[in-house]
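A.B. asks: Submitted below is the structure of interest, expressed as structure tokens.
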There are 2 protein chains.
Amino acid sequence: MKKYGFGVDIGGTTCKIGLFETTGQLVEKWEVPTDTQEAGKNILPDVAASLKGKMQERGIPKEEVEGIGIGIPGPVQADGSVAVCVNLGWKNINVPKELEPLMDGIPVKAGNDANVAALGEMWQGGGKGCKSLIMVTLGTGVGGGIIIDEQIVPGTHGAGGEIGHIVVNPHEKIACNCGRKGCLEQYCSATGIVRLAKEFLAEEHGPSLLDDVQEISAKAVFDTYKENDALAGKIVEKFARILGRALSSFACVTDPEVFVIGGGVSKAGTPLIDVVNKYYKEAAFSSCTDTKFALASLGNDAGMYGCARLILE
Amino acid sequence: MKKYGFGVDIGGTTCKIGLFETTGQLVEKWEVPTDTQEAGKNILPDVAASLKGKMQERGIPKEEVEGIGIGIPGPVQADGSVAVCVNLGWKNINVPKELEPLMDGIPVKAGNDANVAALGEMWQGGGKGCKSLIMVTLGTGVGGGIIIDEQIVPGTHGAGGEIGHIVVNPHEKIACNCGRKGCLEQYCSATGIVRLAKEFLAEEHGPSLLDDVQEISAKAVFDTYKENDALAGKIVEKFARILGRALSSFACVTDPEVFVIGGGVSKAGTPLIDVVNKYYKEAAFSSCTDTKFALASLGNDAGMYGCARLILE
């Protein structure tokens, strides 16, 4: 009988590995370094050695392992093949074909890291109990993942859930990292919030706690927002209006049960969710105004959980 | 052996019925009037009588019928229940539960009309050969349907594919039919194009063929556009910029293989697709710039085809 599954979220510096019971219970988690030398040729063998070591240590026969889910920081095709993954140095690697022989034929599936994180949050995180969600990751950039009927939507070009790159301001002068101008990411990422803050600070304004902050950060903006600072209020309202409106558009596409908000910026917690939800409701199509909002709850482990879910579904 | 399936697209005035081979070949199509009297209580019995009559006429035993797919002009739950359908007068009707007993237990499935039309275009129309698409219906309003992995995305509130109601202009003063302001539908429907045209005509402009048109219509705008009329060019470019940008946002959500453009406005044909595609490419995320554009090809039969596909998949 199958009792276990592994989730392996491969990042540019470390691989987060989790041993899960098929019920979704995390048994143990650990990390191995990601060796990106020589086009990353050691990454999958290193993962295999670590998994086999753990199975031996715990006396788990391969018959008890349902499979291994792998998360990759880049686009992944449905069959688990990766054309290019800059962060790992990979070119033209089919993950299941490489890893399964090293694991005595235990089945392997692979997915994009942002998408598996969304799946993880659906399974055991902020979206638990929901079958369809949109995950919004507010970090250095804005990422996302779309889940419909408990399945990842990877998209034809691997761009499913690339919600940071919808154009929300066609009049923007400054370019986004993606080369276009006016992307959601330019206003709603941690970097974007800092930029909005600097613009407001450069204008004439009343006294603000932010005037005394040495290095403006998204955290500083939300911290002072929670202290009812008027200027921080303006910054956060602008951020929330842009994000809330964007989410209202997404609701007219896949109409999810819940928006799960994660990434570093989401550490601001409930006040952030509340203000985004306020602008979402204002802009949302009438039948979608009650769509739920939730904070992501698995943090950096979301990908590892989602990887396990890939093969335990 | 199952050889046949029925597709029944129930509209406010007529029901379009198709007898299909399981291969997707249409054998025969016909219509029956939709009797909306007495809260539409006769609609499903009338459909059943027509289907049974056709089976008798052609000597088709029920064992040869895979099922019956029904399209409804309103939101439909996954189990085929309809809370309210204004156009049919229905309240709290479960379509399979009502229709299956009348059809000697032949399985019945139901879906929203816009969504089944998208499914029909995927199966035998402009999106044939594709597994994921976004259908955009440019009629009196702007409707849509989202198909992922050959499945309709109905959405949590039945709002999946309600793409006409994303807000594209938060500064709009005039209200949309939905009550909000600045919806895509206000600019890109047939009505919206007429409105854009009137705005351009009211401004100072050079000589235009549109000056001689008695009743401005979307058709008149596209007809004069094809004759290289400068003013029509401005109207069409504005329409296409708004629609192309909206589609580029949708590509960052579900990243479809193809956008299928249908509805009355799409009779303008290839020149319409080309100009929308031009603005789409300008706004699209880099990995999605080559997403295909196709004209819907099934016209008013798309829903009937999609209904059949519902039960022949």
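The values are calculated or read from the model by the stated rules, or taken from the named source; none is laboratory data. Worth saying up front: this structure is predicted, and the values here are computed from it rather than measured. Heads up, the Cβs are rebuilt from the backbone with ideal geometry, glycines too, and the neighbour counts pull from every protein chain shown. Note: accessible area is taken over every heavy atom of the protein model, side chains too, but ligands, DNA and RNA are not part of it. Shrake-Rupley method; radii C 1.70, N 1.55, O 1.52, S 1.80 Å.
A.B. asks: Residue by residue through the stretch A:217-232, note down the ones that are surrounded by fewer than 17 Cβ atoms within 10 Å (Cβ to Cβ), under 13 Å from A:LEU201 (Cα atoms) and free of Cβ contacts under 8 Å to residues at least 24 places away in the same chain.
C.D. replies: Listed by number, the list is empty, since nothing qualifies.
A.B. asks: Checking the condition more than 26 Å from A:GLU257 (Cα to Cα) and more than 18 Å from the chain's Cα centre (by Cα), which residue from B:GLY125, B:GLY179, B:GLY206 passes? If you could, list the steps in order and put the result at the bottom.
C.D. replies: Numbers: B:GLY125 fails: more than 18 Å from the chain's Cα centre (by Cα); B:GLY179 fails: more than 26 Å from A:GLU257 (Cα to Cα).
It is B:GLY206.
A.B. asks: Return only the number of the condition from (1) more than 7 Å from chain A (Cβ to nearest Cβ); (2) open to solvent by 30 Å² or more (accessible area, probe 1.4 Å); (3) assigned to a loop (DSSP other than H, G, I, E, B) that B:THR191 does not satisfy.
C.D. replies: Failed condition: (3).
A.B. asks: Can you report the number of residues in the stretch B:112-155 which are in contact with a Pro (Cβ under 7 Å, 6 or more places away or on another chain), outside any helix (DSSP H, G or I) and either over 22 Å from B:GLU185 (Cα atoms) or away from chain A (no Cβ under 13 Å) (or both)?
C.D. replies: Within the stretch B:112-155, the first condition is being in contact with a Pro (Cβ under 7 Å, 6 or more places away or on another chain), and the residues that meet it are B:112-113, B:115, B:132-134.
Then keep just the ones that are outside any helix (DSSP H, G or I); that gives B:112, B:132-134.
Checking which are either over 22 Å from B:GLU185 (Cα atoms) or away from chain A (no Cβ under 13 Å) (or both) leaves us with B:132.
Number satisfying all stated conditions: 1.
A.B. asks: When you check B:ARG241 against the structure, is it open to solvent by 10 Å² or more (accessible area, probe 1.4 Å) and closer than 17 Å to B:VAL265 by Cα, yes or no? Outline the logic, then answer.
C.D. replies: Details: open to solvent by 10 Å² or more (accessible area, probe 1.4 Å): yes; closer than 17 Å to B:VAL265 by Cα: yes.
Judged against the criteria, B:ARG241 is a match.
A.B. asks: Between a first residue in the stretch B:173-201 that is touching a residue at least 24 places away in the same chain (Cβ under 8 Å) and closer than 24 Å to B:ASP229 by Cα and a second residue that is part of a loop (DSSP other than H, G, I, E, B) and polar (S, T, N, Q), which pairs have beta carbons less than 7 Å apart while being 6 or more apart in sequence or on different chains?
C.D. replies: B:SER189/B:THR140; B:ALA190/B:THR140; B:THR191/B:THR140; B:VAL194/B:SER217
A.B. asks: Can I ask one more? Looking only at residues in the stretch A:157-171 that are open to solvent by 20 Å² or more (accessible area, probe 1.4 Å) and in contact with a Cys (Cβ under 8 Å, 6 or more places away or on another chain), which one is farthest from the other protein chains (Cβ to nearest Cβ)? Write out each step before concluding.
C.D. replies: Here is the first cut: in the stretch A:157-171, the ones open to solvent by 20 Å² or more (accessible area, probe 1.4 Å) are A:157-158, A:162, A:167-171.
With in contact with a Cys (Cβ under 8 Å, 6 or more places away or on another chain) added as a condition, the list becomes A:157, A:162, A:167-168.
Working: A:HIS157: 4, A:GLU162: 5, A:VAL167: 5, A:VAL168: 9 Å.
It comes out as A:VAL168.
A.B. asks: Looking at the stretch B:128-176, which of its residues are more than 14 Å from the chain's Cα centre (by Cα) and small (Gly, Ala, Ser)? Working first, answer last.
C.D. replies: In the first step, residues of the stretch B:128-176 are kept if they are more than 14 Å from the chain's Cα centre (by Cα); the result is B:128-132, B:148-151, B:155-158, B:165-176.
Answer for the stretch B:128-176, where residues must be more than 14 Å from the chain's Cα centre (by Cα) and small (Gly, Ala, Ser): B:GLY129, B:SER132, B:GLY155, B:GLY158, B:ALA175.
A.B. asks: Out of B:SER287, B:SER297, which single residue is out of contact with any strand residue (DSSP E or B) (no Cβ under 7 Å at 6 or more places or on another chain), within 14 Å of chain A (Cβ to nearest Cβ) and surrounded by fewer than 22 Cβ atoms within 10 Å (Cβ to Cβ)? Give the derivation first.
C.D. replies: Details: B:SER297 fails: within 14 Å of chain A (Cβ to nearest Cβ).
Of the residues listed, the single one that is out of contact with any strand residue (DSSP E or B) (no Cβ under 7 Å at 6 or more places or on another chain), within 14 Å of chain A (Cβ to nearest Cβ) and surrounded by fewer than 22 Cβ atoms within 10 Å (Cβ to Cβ) is B:SER287.
A.B. asks: Hey, among the residues in the stretch A:226-270 that are among the polar types (S, T, N, Q) and closer than 20 Å to A:LEU196 by Cα, which one's nearest to the other protein chains (Cβ to nearest Cβ)?
C.D. replies: The initial filter retains those residues of the stretch A:226-270 that are among the polar types (S, T, N, Q), namely A:228, A:248-249, A:254, A:266, A:270.
Narrowing the set further to residues that are closer than 20 Å to A:LEU196 by Cα leaves A:228, A:266.
On the way: A:ASN228: 26, A:SER266: 20 Å.
Only one residue fits best here, namely A:SER266.
A.B. asks: Could you say whether any residue in the stretch A:259-268 is among the aromatic types (Phe, Trp, Tyr) and open to solvent by 10 Å² or more (accessible area, probe 1.4 Å)? Quick ask: steps written out before the conclusion?
C.D. replies: Step one: of the stretch A:259-268, the residues among the aromatic types (Phe, Trp, Tyr) are A:259.
From what's left, open to solvent by 10 Å² or more (accessible area, probe 1.4 Å): none.
No, the conditions are met nowhere in the stretch A:259-268.
A.B. asks: Could you tell me which residue of the stretch A:209-227 is farthest from the chain's Cα centre (by Cα), considering only residues that are more than 14 Å from A:ALA268 (Cβ to Cβ) and β-branched (Val, Ile, Thr)?
C.D. replies: Initial filter on the stretch A:209-227 (more than 14 Å from A:ALA268 (Cβ to Cβ)): A:209-216.
Now restrict to residues that are β-branched (Val, Ile, Thr): A:213, A:216.
Working: A:VAL213: 29, A:ILE216: 24 Å.
If we take residues in the stretch A:209-227 being more than 14 Å from A:ALA268 (Cβ to Cβ) and β-branched (Val, Ile, Thr), then A:VAL213 is farthest from the chain's Cα centre (by Cα).
A.B. asks: Provide a single number: the residues in the stretch B:244-254 that are open to solvent by 10 Å² or more (accessible area, probe 1.4 Å) and in contact with a Ser or Thr (Cβ under 7 Å, 6 or more places away or on another chain). Before the answer, list the steps.
C.D. replies: First, the residues of the stretch B:244-254 that are open to solvent by 10 Å² or more (accessible area, probe 1.4 Å): B:245, B:249.
Subset that is in contact with a Ser or Thr (Cβ under 7 Å, 6 or more places away or on another chain): B:249.
Qualifying residue count, the stretch B:244-254: 1.
A.B. asks: For the structure I just gave you, tell me whether B:CYS307 is open to solvent by less than 10 Å² (accessible area, probe 1.4 Å) and closer than 24 Å to A:GLY155 by Cα. Even if it seems obvious, please write down each step before you answer.
C.D. replies: Working: open to solvent by less than 10 Å² (accessible area, probe 1.4 Å): yes; closer than 24 Å to A:GLY155 by Cα: no.
In short, no.
A.B. asks: Of all residues being closer than 14 Å to B:ILE242 by Cβ and not hydrophobic (A, V, I, L, M, F, W, C) in the stretch B:172-188, which is surrounded by the most Cβ atoms within 10 Å (Cβ to Cβ)? Just the residue, please.
C.D. replies: From the stretch B:172-188, those closer than 14 Å to B:ILE242 by Cβ are B:172, B:176, B:182-188; that's our starting set.
Keeping just the survivors that are not hydrophobic (A, V, I, L, M, F, W, C) gives B:172, B:182, B:185-187.
On the way: B:GLU172: 15, B:GLY182: 21, B:GLU185: 24, B:GLN186: 27, B:TYR187: 22.
Result: B:GLN186.
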